[in-house]
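Shown next, in structure tokens, is the structure this report addresses.
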Number of protein chains: 2
Amino acid sequence: MTGSRVGDYRILQEAALRDYLAGLPEIAALLGGAPAGWAITEVGDGNLNLVFIVKGNRGGIAVKQALPYVRLVGESWPLPLSRAHYEYLALSRQAELAPGLVPALLHHNETLALTVMELLEPHVIMRKGLVAGTRYPRFVEDITTFMARTLFFTSDLALTAAEKKDAIAAFAGNHALCKITEDLIFTDPYRVAAQNRWTAPYLDGLAASLRDDMELHVAISRLKLKFMASPEGLLHGDLHTGSIMVTEGETRVIDPEFAFYGPMGFDVGAVLANLLMAYFASSGHERAPGERQAFESWVLQTVEKVWNGFARKFLGLWRTEARGDAYPVSLFAGDKGAARLEIERQAYLQRLFTDTVGFAAAKTIRRIFGLAHNIDFELIEDPKSRAISEARAVRLARGMMVEAVAFRTIADVTGAARKLRDWQPELSG
Amino acid sequence: MTGSRVGDYRILQEAALRDYLAGLPEIAALLGGAPAGWAITEVGDGNLNLVFIVKGNRGGIAVKQALPYVRLVGESWPLPLSRAHYEYLALSRQAELAPGLVPALLHHNETLALTVMELLEPHVIMRKGLVAGTRYPRFVEDITTFMARTLFFTSDLALTAAEKKDAIAAFAGNHALCKITEDLIFTDPYRVAAQNRWTAPYLDGLAASLRDDMELHVAISRLKLKFMASPEGLLHGDLHTGSIMVTEGETRVIDPEFAFYGPMGFDVGAVLANLLMAYFASSGHERAPGERQAFESWVLQTVEKVWNGFARKFLGLWRTEARGDAYPVSLFAGDKGAARLEIERQAYLQRLFTDTVGFAAAKTIRRIFGLAHNIDFELIEDPKSRAISEARAVRLARGMMVEAVAFRTIADVTGAARKLRDWQPELSG
């Protein structure tokens with residue numbers, strides 16, 4: 001990887017980007033051929049950045065440049081370029097901890113807020129595959145490894161307190177990105193906010209009931225506080241199925257610009273929530289009743305395997321790789337100590353599961369009533385059918401948030417989801 | 001206040017200190033008269049630093065200089081001078097938030113790790129007064145104000161998430177001081193450690209039972225993790241009765257060099273633990289049975305009033321000064337919202353009380369089995385009598401740590417303490 005920090009920030013459109021890349025010998029060699037022959041396409045469909053795919057006659061790369069504002073909204077919503085720095089920091093750390101599960105870093109320019117990465121081909125954004133009803137046999141194994149390793153090895157179980165405090169401080173400046181989450185996930189969907197939207201008029205009554213539901217407001221406020229003040233490990237911070245690229249045999253986690261030290265359940269809950277939304281959206285994508293039954297079964301099995309696999313791997317790392325200052329081995333010597341520590345590990349995971357259930361609920365509700373929606377639901381053309389799918393997801397999410405501790409195992413979650421598969425909600429309008 | 005950052009670090013003994021102070025016009029004017037006439041006395045009886053009292057013919061000052069090692073142990077235990085910087089940062093913040101309750105800052109030199117403060121006279125270290133059986137009528141009002149204001153205004157209830165993250169990062173480098181706490185309070189007393197000591201042989205059996213008590217080891221490990229990874233507010237970090245100077249009418253909190261963002265219950269628990277130890281030590285200081293009964297009643301009433309006063313003031317600030325990102329007011333609009341938020345405030349304080357009970361227990365056990373003891377117990381000359389007082393305190397502390405949630409109110413704590421006043425423990429040896 002090469003690096004540089006010269007010049008001032010400027011937005012690189014196609015011609016400028018071509019010149020810039022031509023000046024990077026390693027990148028130019030990787031692409032191959034004359035720069036004039038490189039094919040450059042802007043493909044960013046996210047909410048924040050420019051993303052280019054560049055192909056030469058030998059190979060291809062992906063180039064991501066942060067804009068000084070939120071792309072989805074425009075210059076009226078400024079957003080610091082420093083997020084590219086935090087994304088680079090996080091990606092570097094994830095590459096060490098979960099090799100092969102993030103795109104290879106090829107070049108980073110902090111001033112330009114620009115990162116060059118390997119081109120992921122023929123990978124697709126997992127969410128698009130899920131909408132199409134595609135199953136990904138490799139996904140469980142890879143995402144559980146990614147989460148278990150990135151969360152465990154950045155936690156107090158693996159780091160000394162000094163290393164952990166330094167790492168927290170290194171990411172503390174990424175607060176503008178955290179603020180987006182704090183507002184759009186943990187606050188706005190529960191109050192009148194200009195940027196909220198939902199499938200009207202069908203969900204008008206449900207939207208109003210959420211705004212009036214004080215048990216829910218207490219629950220989301222507790223989760224928000226935990227998000228702000230529980231630096232348990234280095235989070236990806238935006239780990240939905242739009243941040244995961246897949247083939248049948250490979251998985252890559254991309255776009256960690258929301259990275260910071262936060263509560264582990266936020267990442268795990270993000271994955272589960274987005275699978276559960278794929279499940280509830282699925283009936284809306286049927287062309288014939290029952291057509292996607294095998295896919296839906298796979299999704300719920302995947303929900304179970306993601307939690308169970310994550311928990312198993314995290315516990316495994318704790319048993320063999322715990323060199324941090326938390327739960328010092330010297331306090332759990334001998335057979336009796338080992339046995340008691342093992343019970344405590346299970347209790348720790350149970351608390352993490354409760355957090356995960358709550359955060360999964362928060363990630364669901366924001367996609368149905370907040371600013372940023374997802375194509376799982378959005379591509380259901382008939383708004384009434386979409387509203388029905390969404391209302392089922394919200395019913396589950398409301399219970400998961402307010403009664404998180406009542407969900408003792410992941411099977412309690414999938415069981416509740418299955419029961420809601422054909423539930424007919426009362427709609428407004 | 002004047003400041004400077006010239007020259008390299010050197011230890012200032014009397015002559016060099018006199019020259020240094022003579023070069024600070026404001027300080028020299030405050031002292032009055034010729035520098036040669038200033039009386040300089042080294043009075044540091046703490047574990048870490050040099051402390052000088054300097055008196056001129058007009059006024060006096062206190063000068064604190066950090067040494068590059070732990071004074072109690074010597075050069076074999078190095079400790080970074082940067083702690084003086086963190087102490088200065090914390091003292092400045094506390095002076096803003098709790099005016100009049102910390103010594104006035106007159107000068108700070110970061111390179112010399114040296115701070116000049118107002119001379120507190122005729123204040124005495126509170127612990128010494130408690131050993132003598134003195135009551136302090138002003139203490140409850142002042143310490144509850146200090147804790148409620150310094151903890152509330154540095155929390156997510158008062159700060160934006162960005163302000164809070166910046167503040168956490170500003171103190172993140174103080175990890176060497178946190179490490180002392182992590183080792184000496186949360187780890188060593190529960191295992192064989194060279195620096196441990198206790199009243200032998202009488203407490204040999206109790207020391208062994210703590211090392212073998214896995215329920216206690218789980219409880220202390222959970223508290224340690226909370227200490228490391230719950231930056232709820234800016235802690236003093238060492239808030240025992242040796243860090244509090246008092247007269248009958250005034251209270252000043254000193255020595256915040258352990259300051260960092262941590263769990264609020266650690267500070268509150270420190271105060272309660274040190275009062276409870278004063279209570280259990282009291283019988284050891286009797287010259288005649290029942291002689292200190294009024295003092296002992298005052299101590300237990302003070303324990304109750306400290307918690308209740310702190311909780312009342314903290315809740316009051318939350319009701320009127322909550323401008324932080326946690327529990328946004330907009331989610332609790334109207335009478336129904338206000339009522340539900342008030343219930344949640346009580347629940348928050350209940351969780352904080354549980355933390356406080358656990359941390360108080362940790363602060364007690366370390367003073368009886370760890371490296372740093374306190375004069376409440378140490379000045380009991382008869383070792384058997386001392387061991388009896390200590391064993392009573394440990395019995396309460398063990399229950400408070402393992403069954404923290406069973407203590408629902410502070411009266412549960414004082415009630416348990418009162419029952420142990422005349423309990424006769426089985427001693428070893």
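The values are calculated or read from the model by the stated rules, or taken from the named source; none is laboratory data. Keep in mind that this is a model prediction, so the values were computed, not measured. Counting neighbours? That spans all protein chains shown, and the Cβs are built from the backbone with ideal geometry, glycine included. Surface accessibility is based on the protein's heavy atoms, side chains included, excluding ligands, DNA and RNA. Shrake-Rupley method; radii C 1.70, N 1.55, O 1.52, S 1.80 Å.
Report yes if some residue within the stretch B:132-148 is basic (Lys, Arg) and not assigned by TED's automatic domain parsing to the domain that holds B:ARG222; otherwise report no. Checked the stretch B:132-148: no residue is basic (Lys, Arg) and not assigned by TED's automatic domain parsing to the domain that holds B:ARG222. Selection within the stretch B:43-78: residues that are over 21 Å from B:HIS240 (Cα atoms) and modelled with pLDDT under 95. The member of this set that is surrounded by the most Cβ atoms within 10 Å (Cβ to Cβ) is B:LEU67.
So B:ILE380 ticks every box in (1) in the same structural domain as B:SER209 (by TED's automatic domain parsing); (2) within 22 Å of B:LEU216 (Cβ to Cβ); (3) touching a Lys or Arg at 6+ places or on another chain (Cβ under 7 Å) but one. Which box is left unticked? With respect to (1) in the same structural domain as B:SER209 (by TED's automatic domain parsing); (2) within 22 Å of B:LEU216 (Cβ to Cβ); (3) touching a Lys or Arg at 6+ places or on another chain (Cβ under 7 Å), B:ILE380 is out only on (2). Looking at this structure, is B:ASP156 acidic (Asp, Glu), at pLDDT 95 or above, out of contact with any Cys (no Cβ under 8 Å at 6 or more places or on another chain) and open to solvent by less than 10 Å² (accessible area, probe 1.4 Å)? Answer is yes for this residue.
The set of residues from the stretch B:378-413 being crowded, with 20+ Cβ neighbours inside 10 Å, part of a loop (DSSP other than H, G, I, E, B) and of a type outside the set (A, V, I, L, M) comprises just one member, B:PHE407.
So, in the stretch B:311-364, of the ones that are open to solvent by 50 Å² or more (accessible area, probe 1.4 Å) and outside any helix (DSSP H, G or I), which residue ends up nearest to the other protein chains (Cβ to nearest Cβ)? Step by step, filter the stretch B:311-364, then rank; the result is B:ALA333.
Evaluation of B:ALA169 against the conditions (1) touching a Ser or Thr at 6+ places or on another chain (Cβ under 7 Å); (2) free of Cβ contacts under 8 Å to residues at least 40 places away in the same chain shows that the sole unmet condition is (1).
The residues of the stretch B:92-111 that are surrounded by fewer than 23 Cβ atoms within 10 Å (Cβ to Cβ) and of a type in the set (A, V, I, L, M), listed by number, are B:ALA95, B:LEU97, B:ALA98, B:LEU101, B:ALA104, B:LEU105, B:LEU106. Has the stretch B:358-376 got any residue that is farther than 21 Å from B:PHE310 by Cα, out of contact with any strand residue (DSSP E or B) (no Cβ under 6 Å at 6 or more places or on another chain) and without any contact (Cβ under 8 Å) to a residue 12 or more places away in the chain? No: zero hits. Summed over the stretch B:414-429, residues that are in a loop (DSSP other than H, G, I, E, B) and either more than 21 Å from B:ALA208 (Cβ to Cβ) or open to solvent by less than 70 Å² (accessible area, probe 1.4 Å) (or both) total 6.
Out of B:ALA169, B:ALA162, B:ALA148, report the one residue that is part of a helix (DSSP H, G or I), closer than 23 Å to B:LEU89 by Cα and within 17 Å of the chain's Cα centre (by Cα).
Among B:ALA169, B:ALA162, B:ALA148, only B:ALA148 is part of a helix (DSSP H, G or I), closer than 23 Å to B:LEU89 by Cα and within 17 Å of the chain's Cα centre (by Cα).
Answer yes if at least one residue in the stretch A:258-269 is of a type outside the set (Gly, Ala, Ser), away from chain B (no Cβ under 14 Å) and over 20 Å from A:ASP376 (Cβ atoms), and no otherwise. No: the stretch A:258-269 contains no residue that is of a type outside the set (Gly, Ala, Ser), away from chain B (no Cβ under 14 Å) and over 20 Å from A:ASP376 (Cβ atoms).
Here A:VAL192 does not qualify as open to solvent by less than 10 Å² (accessible area, probe 1.4 Å), free of Cβ contacts under 8 Å to residues at least 60 places away in the same chain and among the hydrophobic types (A, V, I, L, M, F, W, C).
If I filter the stretch A:228-240 for residues that are under 19 Å from B:ASP156 (Cβ atoms), within 14 Å of chain B (Cβ to nearest Cβ), in contact (Cβ under 8 Å) with a residue 24 or more places away in the chain and among the aliphatic types (A, V, I, L, M), do I get at least one hit? Yes, the stretch A:228-240 contains a residue that is under 19 Å from B:ASP156 (Cβ atoms), within 14 Å of chain B (Cβ to nearest Cβ), in contact (Cβ under 8 Å) with a residue 24 or more places away in the chain and among the aliphatic types (A, V, I, L, M).
Residues considered: B:HIS175, B:HIS240. Of these, the only one that is over 22 Å from B:THR364 (Cα atoms) and of a type outside the set (Ser, Thr, Tyr) is B:HIS175.
Taking the criterion of being over 26 Å from the mean Cα position of the chain (by Cα) and either aromatic (Phe, Trp, Tyr) or open to solvent by less than 50 Å² (accessible area, probe 1.4 Å) (or both), the residues of the stretch B:207-235 that qualify are B:ALA208, B:ASP213, B:MET214.
Hey, does the stretch B:186-205 have a residue that's in a helix (DSSP H, G or I) and either hydrophobic (A, V, I, L, M, F, W, C) or touching a Cys at 6+ places or on another chain (Cβ under 9 Å) (or both)?
Checking the stretch B:186-205: not a single residue is in a helix (DSSP H, G or I) and either hydrophobic (A, V, I, L, M, F, W, C) or touching a Cys at 6+ places or on another chain (Cβ under 9 Å) (or both).
One residue alone among B:GLY269, B:GLY249, B:GLY237 is at pLDDT 95 or above, in a loop (DSSP other than H, G, I, E, B) and small (Gly, Ala, Ser), and that residue is B:GLY237. The residues on offer are A:ASP166, A:ASP204, A:ASP212, and the sole one that is over 19 Å from A:GLU232 (Cα atoms) and within 10 Å of another protein chain (Cβ to nearest Cβ) is A:ASP212.
Does the stretch A:50-72 include one or more residues that are over 23 Å from A:PRO103 (Cα atoms), among the hydroxyl-bearing types (Ser, Thr, Tyr) and under 28 Å from the mean Cα position of the chain (by Cα)? Looking through the stretch A:50-72, at least one residue is over 23 Å from A:PRO103 (Cα atoms), among the hydroxyl-bearing types (Ser, Thr, Tyr) and under 28 Å from the mean Cα position of the chain (by Cα). Working only within the stretch B:365-377, note down all residues that are surrounded by 20 or more Cβ atoms within 10 Å (Cβ to Cβ) and either small (Gly, Ala, Ser) or closer than 18 Å to B:ASP204 by Cβ (or both). Within the stretch B:365-377, B:ILE365, B:ARG366, B:ARG367, B:ILE368, B:PHE369, B:GLY370, B:LEU371, B:PHE377 meet the criteria. You will find that of A:ILE244, A:ILE185, the residue that is away from every other protein chain (no Cβ under 14 Å) and either among the aromatic types (Phe, Trp, Tyr) or crowded, with 24+ Cβ neighbours inside 10 Å (or both) is A:ILE244 and no other. Among the residues of the stretch B:112-127, not one is among the acidic types (Asp, Glu) and buried (at least 19 other Cβ atoms within 10 Å of the Cβ). The set of residues in the stretch B:269-310 that are open to solvent by less than 30 Å² (accessible area, probe 1.4 Å) and hydroxyl-bearing (Ser, Thr, Tyr) comprises B:TYR279, B:SER282, B:SER283, B:THR302.
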